[in-house]
Amino acid sequence: MAVIAPSLLSADFTRMGEEVREIESAGARVLHIDIMDGHFVPNLTFGYSMVKALRPLTDMIFDVHLMMTDPINYIEDFAKAGSDVITVHTECRSDAGQCIDLIHRCGVKAGLSIKPKTAPDALFPYLGRIEQILVMTVEPGFGGQSMIPECLDKIAVIHSECASRGLTVPVMIDGGVNASNVQTAAKAGADMMVAGNAVFGAKDRAAAFRELCGLSDTGLIH
Ligand code: DX5
Ligand code: ZN
(Lines give C-alpha, C1' and ligand atoms only; values in the text may rest on other atoms or scores of the structure.)
(Ligands and ions follow the chains in the order given, each with its own letter.)
Protein backbone atom coordinates (compact mmCIF):
# COMPACT_ATOMS: atom_id res chain seq x y z
CA MET A 1 0.00 0.00 0.00
CA ALA A 2 1.38 3.43 -0.88
CA VAL A 3 1.61 6.16 1.73
CA ILE A 4 -0.92 8.88 1.01
CA ALA A 5 0.28 12.30 2.14
CA PRO A 6 -2.49 14.92 2.28
CA SER A 7 -1.33 18.32 1.06
CA LEU A 8 -2.02 21.29 3.31
CA LEU A 9 -2.26 23.55 0.26
CA SER A 10 -5.81 22.33 -0.36
CA ALA A 11 -6.94 22.61 3.29
CA ASP A 12 -9.33 25.27 4.54
CA PHE A 13 -6.92 28.08 5.51
CA THR A 14 -9.36 29.41 8.10
CA ARG A 15 -9.22 26.07 9.98
CA MET A 16 -5.65 24.81 9.63
CA GLY A 17 -5.41 23.30 13.12
CA GLU A 18 -8.70 21.42 12.83
CA GLU A 19 -7.84 20.20 9.34
CA VAL A 20 -4.53 18.79 10.55
CA ARG A 21 -6.12 17.05 13.54
CA GLU A 22 -8.92 15.63 11.39
CA ILE A 23 -6.59 14.16 8.82
CA GLU A 24 -4.35 12.67 11.49
CA SER A 25 -7.38 11.02 13.15
CA ALA A 26 -8.25 9.56 9.75
CA GLY A 27 -4.90 7.76 9.82
CA ALA A 28 -2.60 10.07 7.86
CA ARG A 29 1.03 9.73 8.96
CA VAL A 30 2.60 12.24 6.57
CA LEU A 31 1.50 15.82 5.93
CA HIS A 32 2.80 17.43 2.74
CA ILE A 33 3.47 21.15 3.14
CA ASP A 34 4.00 23.19 -0.05
CA ILE A 35 6.15 26.29 0.20
CA MET A 36 6.02 28.56 -2.86
CA ASP A 37 8.06 31.74 -3.21
CA GLY A 38 6.28 33.50 -6.10
CA HIS A 39 9.48 33.21 -8.18
CA PHE A 40 10.33 29.53 -8.68
CA VAL A 41 6.61 29.06 -9.22
CA PRO A 42 3.97 31.71 -9.96
CA ASN A 43 2.22 31.39 -6.61
CA LEU A 44 2.73 32.12 -2.91
CA THR A 45 1.71 29.94 0.00
CA PHE A 46 3.02 30.16 3.54
CA GLY A 47 6.35 30.32 5.37
CA TYR A 48 8.10 28.45 8.18
CA SER A 49 5.86 30.13 10.77
CA MET A 50 3.03 27.90 9.53
CA VAL A 51 5.17 24.81 10.11
CA LYS A 52 6.05 26.09 13.59
CA ALA A 53 2.42 26.85 14.45
CA LEU A 54 1.19 23.42 13.40
CA ARG A 55 4.07 21.44 14.91
CA PRO A 56 2.67 21.13 18.47
CA LEU A 57 -0.69 19.92 17.18
CA THR A 58 0.36 16.67 15.59
CA ASP A 59 2.88 13.83 15.45
CA MET A 60 2.54 13.52 11.67
CA ILE A 61 5.72 13.61 9.61
CA PHE A 62 6.04 17.11 8.16
CA ASP A 63 7.11 16.65 4.56
CA VAL A 64 8.08 20.14 3.43
CA HIS A 65 8.32 20.77 -0.31
CA LEU A 66 10.32 23.90 -1.08
CA MET A 67 9.33 25.34 -4.45
CA MET A 68 11.81 28.16 -4.09
CA THR A 69 14.52 29.67 -6.28
CA ASP A 70 16.99 29.88 -3.38
CA PRO A 71 15.93 27.27 -0.81
CA ILE A 72 19.40 27.30 0.78
CA ASN A 73 18.49 30.58 2.52
CA TYR A 74 15.49 29.05 4.29
CA ILE A 75 16.46 25.46 5.09
CA GLU A 76 17.60 26.22 8.65
CA ASP A 77 14.38 28.10 9.41
CA PHE A 78 12.22 25.26 8.13
CA ALA A 79 14.30 22.72 10.04
CA LYS A 80 14.02 24.68 13.30
CA ALA A 81 10.28 25.08 12.77
CA GLY A 82 9.87 21.30 12.95
CA SER A 83 10.19 19.83 9.45
CA ASP A 84 10.97 16.11 9.26
CA VAL A 85 11.73 15.97 5.54
CA ILE A 86 12.78 18.95 3.42
CA THR A 87 12.67 18.58 -0.36
CA VAL A 88 14.33 20.93 -2.82
CA HIS A 89 14.22 20.94 -6.62
CA THR A 90 17.05 19.97 -8.95
CA GLU A 91 15.92 23.00 -11.01
CA CYS A 92 16.43 25.57 -8.25
CA ARG A 93 19.21 28.19 -8.33
CA SER A 94 20.86 27.05 -5.09
CA ASP A 95 23.34 24.19 -5.42
CA ALA A 96 21.29 21.03 -4.78
CA GLY A 97 24.24 19.22 -3.18
CA GLN A 98 24.83 22.07 -0.73
CA CYS A 99 21.12 22.11 0.11
CA ILE A 100 21.19 18.36 0.83
CA ASP A 101 24.23 18.73 3.08
CA LEU A 102 22.66 21.63 4.98
CA ILE A 103 19.38 19.74 5.43
CA HIS A 104 21.34 16.84 6.91
CA ARG A 105 23.40 19.11 9.14
CA CYS A 106 20.09 20.37 10.52
CA GLY A 107 19.16 16.77 11.41
CA VAL A 108 16.41 16.52 8.80
CA LYS A 109 15.87 14.03 5.97
CA ALA A 110 16.56 15.36 2.49
CA GLY A 111 14.33 14.98 -0.54
CA LEU A 112 15.02 15.94 -4.14
CA SER A 113 12.35 16.75 -6.70
CA ILE A 114 12.07 16.98 -10.47
CA LYS A 115 9.49 18.93 -12.48
CA PRO A 116 7.56 17.20 -15.29
CA LYS A 117 9.98 18.28 -18.05
CA THR A 118 13.10 17.20 -16.13
CA ALA A 119 14.55 13.77 -16.90
CA PRO A 120 15.13 11.39 -13.99
CA ASP A 121 18.89 11.48 -14.72
CA ALA A 122 19.01 14.86 -12.97
CA LEU A 123 18.51 12.99 -9.69
CA PHE A 124 21.21 10.40 -10.25
CA PRO A 125 24.26 12.38 -9.08
CA TYR A 126 22.59 12.72 -5.68
CA LEU A 127 21.42 9.13 -5.14
CA GLY A 128 22.92 7.79 -1.95
CA ARG A 129 22.69 11.25 -0.38
CA ILE A 130 18.90 11.63 -0.33
CA GLU A 131 16.19 9.90 1.68
CA GLN A 132 13.26 10.64 -0.64
CA ILE A 133 12.56 11.46 -4.27
CA LEU A 134 9.64 13.61 -5.36
CA VAL A 135 8.45 13.25 -8.94
CA MET A 136 6.14 16.10 -9.91
CA THR A 137 3.17 14.86 -11.89
CA VAL A 138 1.92 18.42 -12.58
CA GLU A 139 3.79 21.65 -13.22
CA PRO A 140 4.37 22.87 -9.66
CA GLY A 141 2.54 25.97 -8.48
CA PHE A 142 -1.08 25.09 -7.99
CA GLY A 143 -3.22 22.37 -6.47
CA GLY A 144 -6.18 20.90 -8.31
CA GLN A 145 -4.47 20.28 -11.68
CA SER A 146 -4.79 17.12 -13.78
CA MET A 147 -2.02 14.55 -13.54
CA ILE A 148 0.40 14.28 -16.48
CA PRO A 149 0.37 10.46 -16.74
CA GLU A 150 3.65 10.24 -18.71
CA CYS A 151 5.50 11.43 -15.59
CA LEU A 152 4.71 8.08 -13.97
CA ASP A 153 7.11 6.39 -16.39
CA LYS A 154 10.00 8.03 -14.54
CA ILE A 155 9.31 6.00 -11.41
CA ALA A 156 10.49 2.68 -12.86
CA VAL A 157 13.61 4.35 -14.27
CA ILE A 158 14.44 5.76 -10.84
CA HIS A 159 13.76 2.50 -9.00
CA SER A 160 15.93 0.57 -11.42
CA GLU A 161 18.81 3.05 -11.13
CA CYS A 162 18.56 2.89 -7.33
CA ALA A 163 18.47 -0.93 -7.43
CA SER A 164 21.56 -1.05 -9.65
CA ARG A 165 23.40 0.89 -6.93
CA GLY A 166 22.00 -1.23 -4.11
CA LEU A 167 19.87 1.64 -2.84
CA THR A 168 16.24 1.83 -1.82
CA VAL A 169 14.87 5.36 -1.99
CA PRO A 170 11.12 5.91 -1.68
CA VAL A 171 9.59 7.70 -4.65
CA MET A 172 6.74 10.07 -3.98
CA ILE A 173 4.56 11.60 -6.68
CA ASP A 174 2.93 15.01 -6.41
CA GLY A 175 0.08 16.45 -8.41
CA GLY A 176 -3.34 15.39 -9.62
CA VAL A 177 -3.61 12.17 -7.61
CA ASN A 178 -7.23 11.10 -7.25
CA ALA A 179 -9.40 8.00 -6.87
CA SER A 180 -9.37 7.35 -10.61
CA ASN A 181 -5.58 7.28 -11.05
CA VAL A 182 -4.19 6.23 -7.67
CA GLN A 183 -4.19 2.55 -8.63
CA THR A 184 -2.30 3.21 -11.87
CA ALA A 185 0.24 5.29 -9.95
CA ALA A 186 0.70 2.56 -7.36
CA LYS A 187 1.23 -0.03 -10.10
CA ALA A 188 3.79 2.31 -11.69
CA GLY A 189 5.77 2.02 -8.46
CA ALA A 190 4.90 5.15 -6.47
CA ASP A 191 5.70 4.45 -2.83
CA MET A 192 4.14 7.66 -1.58
CA MET A 193 1.59 10.01 -3.13
CA VAL A 194 0.62 13.57 -2.30
CA ALA A 195 -3.11 14.22 -2.42
CA GLY A 196 -4.39 17.76 -2.06
CA ASN A 197 -7.73 18.33 -3.68
CA ALA A 198 -8.67 14.66 -3.59
CA VAL A 199 -8.60 14.77 0.23
CA PHE A 200 -9.32 18.34 1.32
CA GLY A 201 -11.70 18.99 -1.55
CA ALA A 202 -13.99 16.28 -0.17
CA LYS A 203 -16.59 17.05 2.46
CA ASP A 204 -15.62 13.90 4.35
CA ARG A 205 -11.82 14.13 4.38
CA ALA A 206 -11.40 10.91 6.36
CA ALA A 207 -13.48 8.89 3.88
CA ALA A 208 -11.62 10.38 0.91
CA PHE A 209 -8.25 9.67 2.53
CA ARG A 210 -9.16 6.07 3.36
CA GLU A 211 -10.52 5.47 -0.13
CA LEU A 212 -7.22 6.56 -1.66
CA CYS A 213 -5.26 4.36 0.76
CA GLY A 214 -7.40 1.35 -0.11
CA LEU A 215 -7.20 1.93 -3.86
CA SER A 216 -3.42 2.31 -3.70
CA ASP A 217 -3.12 -1.22 -2.34
CA THR A 218 -1.86 -3.23 -5.29
CA GLY A 219 -0.64 -6.11 -3.16
CA LEU A 220 2.82 -5.36 -4.57
CA ILE A 221 5.70 -4.59 -2.27
CA HIS A 222 8.12 -2.08 -3.74
C1 DX5 B 1 1.63 21.55 -6.59
C2 DX5 B 1 1.97 21.10 -5.20
C3 DX5 B 1 1.17 19.93 -4.77
C4 DX5 B 1 -0.30 20.18 -4.60
C5 DX5 B 1 -1.00 18.94 -5.05
O6 DX5 B 1 2.53 22.51 -7.00
O7 DX5 B 1 3.34 20.75 -5.09
O8 DX5 B 1 1.70 19.36 -3.57
O9 DX5 B 1 -0.70 20.47 -3.30
O10 DX5 B 1 -2.35 19.18 -5.09
P11 DX5 B 1 -3.36 18.25 -5.89
O12 DX5 B 1 -3.30 16.89 -5.24
O13 DX5 B 1 -4.68 18.91 -5.72
O14 DX5 B 1 -2.89 18.20 -7.31
ZN1 ZN C 1 4.09 19.54 -3.26
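The values are calculated or read from the model by the stated rules, or taken from the named source; none is laboratory data. Model, not experiment: these values are computed from the prediction. Because the Cβ atoms are built from the backbone with ideal geometry, glycine has one as well, and the counts that use them run over all protein chains shown. Side chains are part of the model used for accessible areas, which takes the heavy atoms of the whole protein and leaves out ligands, DNA and RNA. Shrake-Rupley method; radii C 1.70, N 1.55, O 1.52, S 1.80 Å.
Would you work out the relative contact order for the stretch 1-92, in percent, from Cα pairs under 8 angstrom that are 6 or more residues apart? Kindly include the intermediate steps, with their values, before the conclusion.
Working: 142 pairs, mean separation 25.1, N = 92.
Once divided by the residue count of the stretch 1-92, the mean separation gives 27 percent.
Just read off the accessible area of residue 131 with the full protein assembly in place, 1.4 Å probe, to the nearest 10 Å².
70
If you wrap a convex hull around the C-alpha atoms of the chain and split its volume per residue, what is the figure in Å³?
It comes to 108 Å³ per residue, whole-number rounded.
Would you calculate the separation in nanometres between label points at residue 16 and residue 121, each defined as 7 Å from the Cα along the Cα-to-beta-carbon direction?
4.1
Compute the distance in nm between two label points, each set 7 Å from the Cα along the Cα-to-Cβ direction, one at residue 43 and one at residue 77.
Modelled inter-label distance: 2.1 nm.
Residues of the chain: accessible area per residue at 1.4 Å, in Å²? Walk me through the numbers on the way to the answer.
Numbers: 9490 Å² over 222 residues.
It amounts to 43 Å² per residue over the chain.
Set Lys and Arg Cβ to +1 and Asp and Glu Cβ to -1, take the dipole of the stretch 1-117 about its Cα centre, and tell me which of 108, 26, 98 lies farthest positive.
Going by the charge dipole, the pick is 98.
With +1 on the Cβ of every Lys and Arg and -1 on the Cβ of every Asp and Glu, and nothing else charged, how large is the dipole of the chain about its Cα centre, in debye rounded to the nearest 20? Kindly include the intermediate steps, with their values, before the conclusion.
On the way: 18 positive and 27 negative charges, 34 e Å.
Rounded to the nearest 20 debye, it is 160 debye.
Provide the FRET efficiency to the nearest 0.05 for the residue 164-residue 106 pair, computing r from the beta carbons and using R0 = 30 Å. Working shown, then result.
Details: r = 30 Å, r/R0 = 1.00.
So, using R0 = 30 Å, E works out to roughly 0.50.
Determine the calculated [θ] at 222 nm for the chain from helices alone, applying -39500 (n - 2.57) to every DSSP H run no shorter than 4 residues and normalising by the residue count; nearest 500 deg cm²/dmol. Present the calculation step by step, with values, prior to reporting the outcome.
Details: 8 runs with 66 residues, N = 222.
Value at 222 nm, helices only: -8000 deg cm²/dmol.
Normalise the Debye intensity by I(0) for the stretch 97-177, one equal point scatterer per Cα, no solvent, then take log10 at q = 0.12, 0.20, 0.27 Å⁻¹ and round to two decimals.
For the stretch 97-177, the Cα-only Debye profile gives -0.35, -0.89, -1.28.
Take the alpha carbon atoms of the stretch 9-119, find their radius of gyration, then divide it by 2.2 N^0.38 Å using N residues; give the quotient. It would help to have the intermediate numbers written out before the result.
Numbers: Rg = 13.8 Å, N = 111, 2.2 N^0.38 = 13.2 Å.
Dividing the Cα radius of gyration by 2.2 N^0.38 Å gives 1.05.
Using only alpha-carbon positions, what ratio does the radius of gyration of the stretch 1-57 give when scaled by 2.2 N^0.38 Å? Present the calculation step by step, with values, prior to reporting the outcome.
Values: Rg = 12.1 Å, N = 57, 2.2 N^0.38 = 10.2 Å.
Here the Cα radius of gyration is 1.19 times the empirical estimate.
Which order do the peptides 136-144, 170-178, 40-48 take when ranked by the mean count of other beta-carbon atoms within 10 Å per residue, highest first? It would help to have the intermediate numbers written out before the result.
Values: 136-144: 19.7, 170-178: 24.8, 40-48: 16.6.
Packing proxy ranking, top to bottom: 170-178, 136-144, 40-48.
Which of the lysines could a cross-linker span from residue 154 if the Cα-Cα distance has to be under 23 Å and same-chain partners fewer than 8 positions apart are dropped?
By straight Cα distance, residue 154 reaches 109, 115, 117, 187.
Sequence neighbours fewer than 8 away in the same chain don't count; with that in mind, list the aspartates and glutamates whose C-alpha is under 16 Å from residue 52.
Result set, ordered by chain and number: 18, 19, 34, 63, 76, 77, 84.
Taking every pair of alpha-carbon atoms in the stretch 89-141, give the share separated by more than 12 Å as a whole percent.
Values: 863 of 1378 pairs.
Percentage above 12 Å: 63.
What is the spread of the Cα atoms of the stretch 127-166 along each of their three principal axes, largest first, in whole Å?
Projected onto its principal axes, the Cα set of the stretch 127-166 covers 36, 20, 9 Å.
Give me the percent of the accessible area of the chain that comes from carbon and sulfur atoms, probe 1.4 Å, all protein chains in place. Please report the intermediate quantities before stating the final value.
Working: 4830 of 9490 Å².
Looking at the chain in its full context, I get 51 percent from C and S.
Return the whole-Å distance between the Cα centroid of the stretch 180-207 and the Cα centroid of the stretch 132-150.
12
When the Kirkwood radius is taken over all Cα pairs of the stretch 116-222, what Stokes-Einstein diffusion coefficient follows at 10 °C and 1.306 mPa s, in µm²/s?
111
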